[in-house]
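I have placed the structure first, in the form of structure tokens, so that the comments after it can refer back to it.
The values are calculated or read from the model by the stated rules, or taken from the named source; none is laboratory data. Just so it is clear, the structure is predicted and the values come from calculations on it, not from any experiment. Here the Cβ positions follow ideal geometry from the backbone for every residue, glycine too, while neighbour counts run over all protein chains shown.
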Amino acid sequence: MTAQLIDGVALARQWRARVAERAAALAARGHRPGLAVILVGDDPASQVYVRNKVKACGEAGIHSVLETYPASLTQDELLARIAALNADPTIHGILVQLPLPPHIDAQRVIEAIAPAKDVDGFHVANAGALLVGQRGYWPCTPYGCMKMLEHIGIELRGKHAVVIGRSNIVGKPMALLLLQANATVTICHSATANLAHHTRQADVIVAAVGRPRMLTADMVKPGAVVLDVGINRLPDGKLCGDVDFDAVREVAGWITPVPGGVGPMTIAMLLLNTVEAAERAAG
Ligand code: NAD
């Protein structure tokens, strides 16, 4: 069996077009959506991510402001910028690119963002809303994964989903969203004994670890849906995911590639959250 490919580029294009329509409708009423992106330091991967996000905003008709600061920026200076953006009516979403330099407490910074402008969905108010099933902002990567599952038409009720990774930005919210969709969810992590025992029972696997090709074909049940969140740079400069793509695609029913899978959907969901924030602000 060769898995069907879930094309994140094509699906993200559809979502971006829908966002662009909503952004245009808002702009016509004098409420152009605005996103502020803050980058501190010169991490090369972060520079690529923020450039892509700003470019995607432009294409969707979302006004974006990119603020870049040297790694020497103090925490107080960063908090002051966030306070100013919280009060700026032209800005509906605020994104602080992680990781931050070690002298800045990332959680403190995230908590300083007004929850209504926290389009990354990392603020405890939004994390709590997700936990209790209220509508806040969902973190963009798990949100994009859910849209991919919706797109392929899988009924999650009663299915067994295994999430590998328990970070606050991917693994945990992913597990909560799958639970909300009535899947039976197992969360695996660095201390899980016998990972393969769990993954082999899964109808849906979401790999969010950051270890190249760690999910091998013998760990996957035939026909399973495999979503690969991992982004790993190999010594030859190429990107690969957490899934051994060539081998797993011979076993799985559906699979996402890296690049061209979850990554583009993450950006599309950032735009979606931003346009939603602007719609709420506009009433
Ligand atoms: P993280 O480092 O915060 O978390 C990694 C998780 O993997 C941890 O919870 C850890 O317990 C688990 N883990 C580590 N070793 C393991 C093992 N041997 N077996 C099982 N679990 C293990 O990373 P993150 O921020 O959640 O990101 C995970 C990956 O996803 C990274 O490669 C990151 O670059 C990528 N990512 C991609 C997108 C995207 O848009 N595609 C977005 C965010 C993160």
Checklist (1) over 17 Å from Gly121 (Cβ atoms); (2) part of a strand (DSSP E or B) applied to Ile154, failing item
(2)
Restricting attention to the stretch 4-21, which residues are touching a residue at least 60 places away in the same chain (Cβ under 8 Å) and of a type in the set (S, T, N, Q)?
Gln4
Those residues of the stretch 57-107 which are touching a residue at least 40 places away in the same chain (Cβ under 8 Å), out of contact with any Pro (no Cβ under 6 Å at 6 or more places or on another chain) and β-branched (Val, Ile, Thr), in sequence order:
Ile82, Thr90, Ile91, Ile94, Val96, Ile104
Considering only the stretch 117-150, how many residues are charged (D, E, K, R), more than 12 Å from the ligand (Cβ to nearest atom) and modelled with pLDDT of 95 or more?
4
Among the residues of the stretch 18-51, what is the count of those that are surrounded by fewer than 17 Cβ atoms within 10 Å (Cβ to Cβ) and touching a helix residue (DSSP H, G or I) at 6+ places or on another chain (Cβ under 6 Å)?
1
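Go through the stretch 259-283 residue by residue and tally those that are part of a loop (DSSP other than H, G, I, E, B) and crowded, with 23+ Cβ neighbours inside 10 Å.
Of the residues in the stretch 259-283, the ones part of a loop (DSSP other than H, G, I, E, B) are 259-261, 283.
Going one step further and asking which of them are crowded, with 23+ Cβ neighbours inside 10 Å, we end up with 261.
Counting residues in the stretch 259-283 that are part of a loop (DSSP other than H, G, I, E, B) and crowded, with 23+ Cβ neighbours inside 10 Å gives 1.
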Across the stretch 204-220, which residue is farthest from the ligand (Cβ to nearest atom) among those that are surrounded by 16 or more Cβ atoms within 10 Å (Cβ to Cβ) and over 13 Å from Val251 (Cβ atoms)?
Val204
For Val251, which of the numbered conditions (1) more than 9 Å from the ligand (Cβ to nearest atom); (2) in contact with a Pro (Cβ under 9 Å, 6 or more places away or on another chain); (3) farther than 14 Å from Ala3 by Cα fails to hold?
(3)
Residues satisfying the stated conditions in the stretch 124-150, i.e. surrounded by fewer than 23 Cβ atoms within 10 Å (Cβ to Cβ) and free of Cβ contacts under 8 Å to residues at least 40 places away in the same chain:
Val124, Ala125, Gly128, Ala129, Val132, Gln134, Arg135, Gly136, Met146, Glu150
So, Gly153, is that one of a type in the set (Gly, Ala, Ser), within 9 Å of the ligand (Cβ to nearest atom) and either surrounded by fewer than 20 Cβ atoms within 10 Å (Cβ to Cβ) or within 18 Å of the chain's Cα centre (by Cα) (or both) or not?
no
